[in-house]
């Protein structure tokens with residue numbers, strides 16, 4: 001990797017973290033409803049809780065922008081970076097954006113659950129693999145009537161789908177780390193699922 005590529009990568013990596021950390025759900029709920037979304041519903045700043053508390057339109061807006069936070073820096077990395085280390089660096093950029101959403105500097109490192117930002121990042125990396133994960137998500141949500149089940153199931157299949165789609169070990173490892181982080185951030189959901197207390201869609 002040349003010196004210029006190193007500088008470009010460092011800038012994109014830092015930008016990915018800072019962009020990923022923008023608390024979209026918190027900003028939109030303050031803008032449209034003058035509330036702190038962290039004090040309502042599940043307390044999460046992600047699109048699902050925003051949709052439950054504020055409404056579907058704001059929830060979808062949050063979802064779209066959260067996805068863009070992952071897609072944009074990864075897309076820039078794929079455009080500018082070249083060479084043998086390209087996939088490794090792109091994986092790090094994706095993890096930077098996802099880590100920003102999970103551990104945002106702006107909120108004292110207490111962020112969302114990373115699903116939408118991860119989806120955006122991997123849509124740029126491997127559209128076919130992300131499409132397969134989306135089908136798994138839709139099927140799991142339809143069967144369980146719970147968004148968290150869809151998210152957890154989709155992230156489980158993501159590493160396999162990325163490997164089949166891109167045949168890249170660095171990107172597959174990135175998908176595996178992403179799945180681990182998302183499952184870890186869903187630990188409260190897992191506890192509620194075990195107790196049968198995880199809310200159904202619309203409740």
Would you point out which residue out of 65, 58 is surrounded by 19 or more Cβ atoms within 10 Å (Cβ to Cβ), part of a helix (DSSP H, G or I), at pLDDT 95 or above and touching a helix residue (DSSP H, G or I) at 6+ places or on another chain (Cβ under 6 Å)? 58
Within segment 104-149, work out how many residues are touching a residue at least 40 places away in the same chain (Cβ under 8 Å) and not in a helix (DSSP H, G or I). 8
Restricted to segment 1-24, and to residues that are loosely packed, with under 15 Cβ neighbours inside 10 Å and part of a helix (DSSP H, G or I), which residue is modelled with the lowest pLDDT? 3
Residues in segment 68-106 that are at pLDDT 95 or above and at positive phi total 0
Count of segment 150-173 residues which are outside any helix (DSSP H, G or I) and either modelled with pLDDT of 95 or more or buried (at least 16 other Cβ atoms within 10 Å of the Cβ) (or both): 1
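The values are calculated or read from the model by the stated rules, or taken from the named source; none is laboratory data. All values reported here derive from a predicted model rather than from experimental measurement. For neighbour counting, all protein chains shown are included, and Cβ atoms are generated from backbone atoms with ideal geometry for every residue, glycine included.
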